[in-house]
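Novice: A single structure is presented below for examination.
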Amino acid sequence: MNHLNTDILVVGTGTGGTAAAIQAARRGANTILIGDTPWLGGMLTSAGVSAPDGNELAFLQTGLWGAFLRQLQQNTKLDNAWVSFFTYNPPTGHQTFLDWLNQLPNLQWIAGQTPQEILKQNNRITGIRFENLTIYAKIIIDATELGDILALAETPHRWGWELQSELNEPSAPKSRNTWTERYPVQAPTWVVILQDYGQDIAPEIPPPPTYNPNLFTAAWDNYGPEMFLNYGRLPENRFMINWPIHGNDYGEGINRLIQSTTAKNEFLQESLWHSQSFAHFIQTQLGRRYGLAENIFPLKNSHSPFPLSTGAFAIHPYYRESRRVKGLTTIREQDILPIPQGRVASLPVDETGQPTSIAIGNYPNDHHYPCGDWPVKPKSIRWGGRWTGTPFCIPYGSLIPTEIDGLLVCEKNISVSHIANGATRLQPVVLNIGQAAGMAAALCVEKNCQPRELSVRILQEALLQDPTAPAAIIPLYNLTPDHPDWLYWQRYYLDHPDVYSSNGSCPVSFLASQTKTNHSFSGIFFCHGEQDYSISFLEQNWSLVTLHPDVNEKLQVLKNGQLLTVRGRLNLAGRWLLVDSIDF
């Protein structure tokens with residue numbers, strides 16, 4: 001048995017784990033990243049969800065999430081689909097993370113290993129035994145997709161729904177019911193990538209033994225085939241199939257994921273067959289023009305027990321929920337909802353009134369169950385010509401277990417309720433949660449302290465001043481990270497949380513968008529209602545949307561029927577024009 005020693009051990013090569021390892025190593029800590037998949041990035045890559053949701057507005061494009069976007073934009077066209085402003089082929093995302101990792105000599109990546117045993121000294125985790133090696137570390141980060149370290153370490157954690165009486169969440173059930181028992185967590189999806197072959201020549205997609213076309217007959221009834229496919233359109237005429245409506249979400253017997261290896265594999269096999277069934281159904285309905293994409297994912301990998309005949313199926317499912325640690329702070333539904341008559345959630349603070357935020361997100365509270373939609377309190381607003389989610393903060397205490405030292409978490413396994421997980425689980429916010437966990441771990445090594453002993457203000461300063469990917473701590477709609485006063489106002493509200501505005505803005509002049517585009521469009525402007533704009537040219541109407549605060553303000557003062565010239569990019573899938581600047 002080999003033995004290794006390191007400062008920081010990150011277990012899990014998903015979105016949060018990859019970010020944590022990169023950030024810890026960039027800070028200077030000796031770091032080992034270990035996992036059972038052959039790719040880096042998790043949801044963003046190996047799970048095939050290369051259509052990130054949330055944190056799309058310019059002021060939210062900070063930290064490793066912002067850096068990831070900028071790197072992708074150098075290598076590929078991102079504005080392809082209508083579910084996301086940023087879609088790319090999954091290998092491109094993996095290569096981006098791999099390039100970052102290869103720049104760090106103090107970061108070692110070990111693939112094809114799963115944790116077997118937790119090593120403890122008193123109340124502190126000191127190491128983990130894997131199949132053929134044992135690794136000792138000063139700080140360990142659980143970044144597994146299902147919170148596997150929490151279970152192995154017997155760390156208190158949650159799985160399933162909390163009742164309204166437990167956390168006083170307005171949308172939580174008052175009692176257990178058929179719904180909560182059948183679907184204790186949100187349904188995963190085994191993503192498949194389809195290819196448009198241009199004519200009816202695609203190889204036939206065979207049906208699996210469990211094929212039942214009745215499960216999918218209403219899949220695109222309210223959309224039409226073209227809009228359905230364009231939901232997750234990728235470059236090179238490919239389509240990410242991650243469709244919740246009579247599609248490939250799968251949650252039957254989902255408790256099997258945490259029961260045993262055999263039970264888990266049974267569930268995974270069914271989930272994969274369900275996705276294969278949906279792909280077969282799509283081809284039978286839309287024709288052999290559409291088939292499985294080739295050479296997207298590795299054909300064989302140590303994580304999947306199933307032989308895959310094509311590189312179209314993701315390496316593993318897109319897990320929307322996990323075991324969730326019982327942490328020093330638990331994020332509840334009311335913590336992600338906007339302040340009454342406001343546009344932001346309240347800042348999380350400690351007992352002294354000091355903010356404890358270490359990452360921000362804004363996605364609406366989105367839950368996936370095969371049986372339908374569970375009603376939750378809305379947290380969306382109109383902004384930039386479209387609907388977007390109101391921003392909220394992730395408190396540092398949600399990364400720290402209540403009862404054990406030497407451990408941080410940074411995936412869907414943070415301390416969050418089942419209801420609130422619908423907003424905190426998305427790729428961009430998990431990427432920045434991972435960044436915060438990696439920075440915290442590195443600071444703990446530097447200061448020879450435990451995560452619960454680390455000053456959150458020191459962590460906040462380190463994130464704000466990171467030389468490679470500075471990360472926002474406070475949501476401010478009108479302050480993008482390239483603004484010269486960005487750092488000043490981030491610090492100002494950390495020092496004066498009592499004056500943080502419910503509209504999420506600060507008293508600064510707008511900085512014009514720095515996004516460069518050579519495409520100019522002129523036409524007649526129309527305002528159809530609050531934050532509902534279009535421009536007409538070449539006898540067609542295009543919705544006008546923007547991610548930039550200066551453009552958002554200008555759109556609100558334009559007059560109906562005026563001639564308008566803008567710079568931006570057309571999105572054929574969503575039939576919108578994404579505006580970077582207004583020339584008038």
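The values are calculated or read from the model by the stated rules, or taken from the named source; none is laboratory data. Small disclaimer: the values here were computed from a predicted structure and weren't measured. Backbone-built Cβ (ideal geometry, glycine too); neighbour counts: all protein chains shown. The protein model used for the area step is the full one, side chains on, heavy atoms only, and it has no ligands, DNA or RNA in it. Shrake-Rupley method; radii C 1.70, N 1.55, O 1.52, S 1.80 Å.
Novice: Could you pull out every residue, at least 5 positions away or on a different chain, whose amide H is within less than 5 Å of the one on Thr114? Hs are placed 1.01 Å off N in the peptide plane, and Pro or chain starts have none.
Specialist: So Thr114 has HN proximity to Glu131.
Novice: Calculate the FRET efficiency for Phe537 and Gln465 from the Cβ-Cβ distance with a Förster distance of 41 Å, rounded to the nearest 0.05.
Specialist: The formula returns an efficiency of 0.35 here.
Novice: Averaging over every viewing direction, what projected area does the convex hull of the Cα atoms of region 267-424 cover, in nm²?
Specialist: Projected area, direction-averaged: 13.9 nm².
Novice: Here is a further query. Taking the mean number of other Cβ atoms within 10 Å as a proxy for protection, how do you rank 349-356, 451-458, 312-319 from highest to lowest?
Specialist: 312-319, 451-458, 349-356
Novice: In addition: Are there GluC sites (Glu not before Pro) in region 498-584 that DSSP puts in a loop and that have at most 13 other Cβ atoms within 10 Å, and which ones?
Specialist: Glu530, Glu539
Novice: Have a look at Ile241, Thr262, Ile193 and report the one farthest towards the positive end of the charge dipole of region 175-321, computed about the Cα centre with Cβ charges (Lys/Arg +1, Asp/Glu -1).
Specialist: Value computed over the given set: Thr262.
Novice: If you line up the Cα atoms of region 408-555 on their principal axes, what length do they span on each, largest first, in Å?
Specialist: Rounded to whole Å, the extents work out to 65, 35, 33 Å.
Novice: Order of 110-116, 478-484, 21-27, 325-331 by packing, highest average Cβ count within 10 Å first?
Specialist: Packing proxy ranking, top to bottom: 21-27, 325-331, 478-484, 110-116.
Novice: How about region 119-191: which GluC sites (Glu not before Pro) there lie in a loop by DSSP and see at most 15 other Cβ atoms within 10 Å?
Specialist: Here the sparse-neighbourhood loop sites are Glu131, Glu154.
Novice: A further question follows. Going by a ≥ b ≥ c, the root eigenvalues of the Cα gyration tensor, does region 529-584 fall in the rounded group (a/c under 1.5), the prolate group (a/b larger than b/c) or the oblate group?
Specialist: Here region 529-584 falls in the rounded category.
Novice: Please list Thr515, Thr15 from largest to smallest accessible area, probe radius 1.4 Å, with all protein chains kept in place.
Specialist: Thr515, Thr15
Novice: Along each of the three principal axes of the Cα atoms of region 51-94, give the extent in whole Å, ordering the values from largest to smallest.
Specialist: 25, 21, 14
Novice: Please calculate the 1.4 Å probe accessible area of Phe521, with all protein chains present, and give it to the nearest 10 Å².
Specialist: 30 Å²
Novice: Out of the total accessible area of the chain (probe 1.4 Å, heavy atoms of protein only), what percent is carbon and sulfur?
Specialist: Here carbon and sulfur together make up 47 percent of the probe-accessible area.
Novice: Oh, and also: Heavy-atom accessible area of Lys379 with all protein chains present, probe 1.4 Å, nearest 10 Å²?
Specialist: Accessible area, nearest 10 Å²: 0 Å².
Novice: Pulled fully out, how much extra length does the chain show between Arg256 and Arg382, if you take 0.36 nm times their separation in residues and subtract their Cα-Cα distance?
Specialist: Extra length from Arg256 to Arg382 when fully extended: 41.4 nm.
Novice: Give me the percent of Cα-Cα pairs in region 337-418 that sit more than 16 Å apart, rounded to a whole number.
Specialist: Percent of Cα pairs beyond 16 Å in region 337-418: 64.
Novice: Here is a further query. State, as an integer percentage, the relative contact order of region 253-410 based on alpha-carbon contacts under 8 Å between residues 6 or more apart.
Specialist: So the answer I get is 18 percent.
Novice: Relative to 2.2 N^0.38 Å, what does the C-alpha radius of gyration of the chain come to as a ratio? Two decimals please.
Specialist: 0.94
Novice: Now a separate question. Given points 7 Å out from each Cα along the Cα-Cβ axis, report the Ile110 to Glu446 separation in nanometres with one decimal.
Specialist: With each label point 7 Å from Cα toward Cβ, the separation is 2.7 nm.
Novice: Let me ask something else about it. Quick one: of Lys138/Lys326; Lys138/Lys264; Lys77/Lys379; Lys174/Lys264, which pairs are farther than 25 Å apart, Cα to Cα?
Specialist: Lys138/Lys264; Lys77/Lys379; Lys174/Lys264
Novice: Taking H as built 1.01 Å from N, whose amide H comes closer than 5 Å to the amide H of Arg158, not counting residues under 5 places away?
Specialist: The answer is Arg324, Val325, Lys326.
Novice: For the chain, what is the relative contact order in percent, using Cα pairs closer than 8 Å and at least 6 residues apart in sequence?
Specialist: 19 percent
Novice: If you roll a 1.4 Å probe over the heavy atoms of the protein chains, what accessible area per residue do you get for the chain, in Å²?
Specialist: Accessible area per residue, the chain: 38 Å².
Novice: While we're looking at this one, here's another question. Could you please tell me the mean projected area of the C-alpha convex hull for region 1-91, averaged over all directions and given in square nanometres to one decimal?
Specialist: 7.0 nm²
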